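Read the structure below first, then the notes.
The values are calculated or read from the model by the stated rules, or taken from the named source; none is laboratory data. None of the values given here were measured: they were computed from a predicted structure. Glycine gets a Cβ as well: all are built from the backbone with ideal geometry, and neighbour counts include every protein chain shown. Just so you know, the surface numbers come from the protein's heavy atoms only, side chains and all, with ligands and any DNA or RNA stripped out. Shrake-Rupley method; radii C 1.70, N 1.55, O 1.52, S 1.80 Å.
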Amino acid sequence: MNKLKVAIIQMIVVKDKMKNIEKASDFIKNVIKEDIDIAVLPEMFLCPYDQSNFPIYAEKEGEISYLLLSEIAKQNNIYLVAGSVPEKDDDGNIFNTSYVFDPNGIKIAKHRKVHLFDIDIENGQYFKESDTLDAGNEVTVFDTKFGKIGLCICYDFRFPELSRLMVDKGAKAIIVPAAFNMTTGPAHWELLFRCRAVDNQVYTIGCASARDNSATYISYGNSIAVSPFGEVLVHMNEKEGYSISSLDFDYVDKVRGELPLIAHRRLDIY
Ligand SMILES: NC(=O)CCC(=O)C(=O)O
């Protein structure tokens, strides 16, 4: 069983945490009619993306949002890559964390964003995640009945080393809950998803929040899925909605067999 259908849910994030969960749940109830296997939600889909919100919205693993997300996976009998949420640990540190649940609602992965998004572009985007967040320290790959999938969060995807480590651990797709901005999104978003796909011969899936021009941080939207040969399978616009992509993990093997980049690496010289 090497073929799977992935739904990208590009939703608007509102201030009310529970309304965001309800919306994610409604979207998923609707898309399961299309026989999907995995649903993906955006980065910080429970909490408007603003560093001052993260401590206010943060919950510990196992608290209410976590339980509701696990239930959504179970009720719909799908894998759920539950975007990301602000997660609080026992010491009060806060992380940008993505949980993954299997079709029984069991947590099978947890990725804490490794690279914090601290940028300051003249006449462009300023953001400093490190004002309120701590960084994770792990490379995340999870197993499914279809094969292995890598997971990272937004800015993490800019670092080619992280994607390569996921591929070295067996990933045939990399899923990225995200929220690029209106400065770097138009410049780099599609380029990065095509580039990582071609370099690593993996499917790349970017799920962004939909654009809300009244937000303090405006998400670029444009959720995307790219094949291991660099073909754009889906490229959404900025509006709220969903898309479905079919992934074939045998095709990953075919591309890697015909153009054996991974096997041709000269690890002895780099
Ligand atoms: N939320 C993020 O990590 C944003 C990353 C981003 O916009 C970028 O350009 O990188």
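Residues of the stretch 187-233 that are without any contact (Cβ under 8 Å) to a residue 24 or more places away in the chain and hydroxyl-bearing (Ser, Thr, Tyr): Ser214 alone.
Of the strands (runs of 3 or more DSSP E) entirely within the stretch 171-270, those holding at least 1 residues that are of a type in the set (Gly, Ala, Ser) occupy 173-178, 203-208, 224-226, 241-248. Counting the residues of the stretch 74-93 that are under 16 Å from Val6 (Cα atoms) and assigned to a strand (DSSP E or B) gives 3.
Is it the case that Ile56 is among the β-branched types (Val, Ile, Thr), assigned to a helix (DSSP H, G or I) and either within 14 Å of the ligand (Cβ to nearest atom) or touching a helix residue (DSSP H, G or I) at 6+ places or on another chain (Cβ under 8 Å) (or both)? Break it down stepwise before answering.
Values: among the β-branched types (Val, Ile, Thr): yes; assigned to a helix (DSSP H, G or I): yes; either within 14 Å of the ligand (Cβ to nearest atom) or touching a helix residue (DSSP H, G or I) at 6+ places or on another chain (Cβ under 8 Å) (or both): no.
Here the answer is no, as Ile56 does not meet what is asked.
Among the residues of the stretch 234-250, just one is buried (at least 18 other Cβ atoms within 10 Å of the Cβ) and free of Cβ contacts under 8 Å to residues at least 60 places away in the same chain, namely Glu238. Glu190 is checked against (1) touching a His at 6+ places or on another chain (Cβ under 9 Å); (2) within 11 Å of the ligand (Cβ to nearest atom) and fails just one. What number does that condition carry? If we test Glu190 against (1) touching a His at 6+ places or on another chain (Cβ under 9 Å); (2) within 11 Å of the ligand (Cβ to nearest atom), just (2) comes out false. Looking only at residues of the stretch 84-125 that are open to solvent by less than 40 Å² (accessible area, probe 1.4 Å) and at pLDDT below 95, we find that the one that is farthest from the ligand (Cβ to nearest atom) is Gly124. Among the residues making up the stretch 126-185, a single one is open to solvent by 40 Å² or more (accessible area, probe 1.4 Å), farther than 17 Å from Ile262 by Cβ, more than 15 Å from the ligand (Cβ to nearest atom) and in contact (Cβ under 8 Å) with a residue 60 or more places away in the chain: Lys145. Among the residues of the stretch 7-35, those identified as more than 25 Å from Val226 (Cα to Cα) and part of a loop (DSSP other than H, G, I, E, B) are Val14, Lys15, Asp16.
Only one entry in Glu34, Glu43, Glu22, Glu63 is within 26 Å of Asp118 (Cα to Cα) and either open to solvent by 70 Å² or more (accessible area, probe 1.4 Å) or of a type in the set (Asp, Glu) (or both), namely Glu43.
Sort out which residues of the stretch 197-221 are under 15 Å from the mean Cα position of the chain (by Cα), within 29 Å of Asn53 (Cβ to Cβ) and open to solvent by less than 20 Å² (accessible area, probe 1.4 Å), and write them in order of number. Quick ask: steps written out before the conclusion?
Step one: list which residues in the stretch 197-221 are under 15 Å from the mean Cα position of the chain (by Cα), which gives 197, 202-210, 219-221.
Still in the running and within 29 Å of Asn53 (Cβ to Cβ): 204-210, 219-221.
Listed by number, the residues that qualify are Thr204, Ile205, Gly206, Cys207, Ala208, Ser209, Ala210, Ser219, Gly221.
Among the residues of the stretch 124-182, just one is among the β-branched types (Val, Ile, Thr) and more than 20 Å from Cys207 (Cβ to Cβ), namely Thr132.
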